[in-house]
Amino acid sequence: MTVGRELTKQFEEIATVPAADLPAWLQATPQRQRGEFVLALHPAPEDTADADEHGLGTRALKLLLAELPLKTAVRLAAELSGEPRNALYERGLRLKDPG
């Protein structure tokens, strides 16, 4: 679920949180309990382990690692997939040394 609070105003906030965590997010600061809100509902992400294993970033990383050093492969895979470099780097380390 994505929550927009006070959109187009000075204290605008946008956050994407699981629906179960929304009450905790709202109670984290007193300001979040006031104002105008917009809620955008979207499907829950697929199982992250499965998505990590078969996602665009991992597929690109596997192909690039066959020809390039880890750092370069991670940078290019991050640009292609939009995934964070740190996550891809950790995945790249596991791919290079599965043991």
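Every number in this text was worked out from the coordinates using simple rules, so none of it is lab data. These figures come from a predicted structure and were not determined experimentally. Cβ sites come from the backbone with ideal geometry, for glycine too, and all protein chains shown count toward neighbours.
Taking Cα atoms, how many degrees apart are the long axis of helix 56-65 and the longest axis of the chain, rounded to 10 and kept between 0 and 90?
30 degrees
Taking other Cβ within 10 Å of each residue's Cβ, how do Asp21, Asp97 sort, fewest first? Please list the in-between numbers first.
On the way: Asp21 11, Asp97 7.
Neighbour counts put them in this order, fewest first: Asp97, Asp21.
Once you have all Cα-Cα distances for the chain, histogram them in 5 Å bins from zero and send the whole-percent values.
2, 12, 18, 14, 10, 10, 12, 11, 7, 3, 0
About the Cα centre of region 49-96, how large is the charge dipole given +1 on each Lys and Arg Cβ and -1 on each Asp and Glu Cβ? Please answer in debye to the nearest 20. Provide the component values of the computation, followed by the final result.
Values: 8 positive and 7 negative charges, 45 e Å.
Dipole magnitude for region 49-96 comes out near 220 debye.
Count charges around Val3 for me, please; just the other residues with Cβ under 14 Å from its Cβ, Lys/Arg as +1, Asp/Glu as -1. Walk me through the numbers on the way to the answer.
Numbers: positive: Arg5, Arg32, Arg34; negative: Glu6, Glu12, Glu13, Asp21, Glu36.
Net of charged neighbours comes to -2.
Output the 0 to 90 degree angle, nearest 10, between the alpha-carbon long axis of helix 70-81 and the longest principal axis computed from the alpha carbons of the chain.
50 degrees
Against the longest alpha carbon principal axis of the chain, how many degrees, from 0 to 90 and to the nearest 10, is the axis of helix 85-96 turned?
Tilt relative to the chain: about 30 degrees.
Once the mean 1/r over all distinct Cα pairs of region 49-96 is inverted, what Kirkwood radius in angstroms do you read off? Don't jump to the answer; show the numbers that get you there.
Details: mean 1/r = 0.0998 Å⁻¹.
Taking every pair of different Cα atoms in region 49-96, averaging 1/r and inverting gives 10.0 Å.
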